[in-house]
1. Please report the Cα spread of region 10-79 along all three principal axes, rounded to whole Å, starting with the longest.
2. Angle check, please: helix 122-132 long axis (alpha carbons) against the longest principal axis of the chain (alpha carbons), in degrees 0 to 90, nearest 10.
3. Could you give the dipole magnitude of region 10-79 about its Cα centre, charging the beta-carbon of Lys and Arg +1 and that of Asp and Glu -1, in debye to the nearest 20?
4. Write down Rg/Rh for region 89-158, rounded to two decimals, with Rg from the C-alpha atoms and Rh from the Kirkwood relation over Cα pairs.
5. Roughly speaking, what is the centre-to-centre gap between region 55-77 and region 103-158 when only Cα atoms are used, to the nearest Å?
6. What are the trypsin sites (Lys or Arg not before Pro) within region 74-142 that DSSP puts in a loop, where the Cβ has at most 15 other Cβ atoms within 10 Å?
7. Mind checking the per residue accessible area of the chain for me, 1.4 Å probe, whole number of Å²?
8. On a 0 to 90 degree scale, rounded to 10, what angle separates helix 106-115 from the longest Cα axis of the chain?
Amino acid sequence: MSADGCMPDLDDMKDVFDLFDFWDGRDGLIDAFKVGDLLRCCGLNPTDTIIRKSGGTKKMGEKQYSFEEFLPIVNQIVKEKDTGTKAEFMEAFKSFDREGMGFISLGETRHMLTAIGDRIEDRELDDILELTDIQADLDGNIKYEDFIQKVLDGPKGC
């Protein structure tokens, strides 16, 4: 979800769509498999479940969208309320914070994000850790509030 819950700028969305189309062969269509990536580059933060519910697919080649067909998906995602808030993410991480100091181990973070709930792949987590520039301290712990904020802020320059 965008930080302010508003519709992304139409011109910016068209530019991002055109980039995805360029990579897919310049036919004016993007593959439904890439809808989630495109939405995230437009400043939205939907879960994979919401993406599938809105028309994204699990495999390449199942469906394609023109820009005009993509816009209703964006509208649906903007209206969706099931993306989680910072407070909800903080609560989830706090359950792994044994000492109540705002830190959890990188290993527990990896387990939580790859094995529980709306799971992500190990390579996706590696990308997230790299893009957020989160570094574990000498004890192998990360400050989870910083991590959550950086994830919610999204990648720079997307």
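The values are calculated or read from the model by the stated rules, or taken from the named source; none is laboratory data. Bear in mind the structure is a predicted one, so any value in this text is a computation, not a measurement. When we count neighbours, we look across all protein chains shown, and the Cβ atoms used for this are built from the backbone with ideal geometry, even at glycine. Surface areas here come from the heavy atoms of the whole protein model, side chains and all, with no ligands, DNA or RNA. Shrake-Rupley method; radii C 1.70, N 1.55, O 1.52, S 1.80 Å.
1. 28, 27, 17
2. 80
3. Details: 10 positive and 13 negative charges, 93 e Å.
Rounded to the nearest 20 debye, it is 440 debye.
4. Numbers: Rg = 11.6 Å, Rh = 12.4 Å.
Dividing the radius of gyration by the Kirkwood radius yields 0.94.
5. What the calculation gives is 27 Å, centre to centre.
6. Numbers: sites: 79, 81, 86, 94, 98, 110, 119, 123; in loops: 81, 98, 119.
Filter output for region 74-142: 81, 98, 119.
7. Numbers: 9740 Å² over 158 residues.
Normalised by residue count, the accessible surface of the chain is 62 Å².
8. 40
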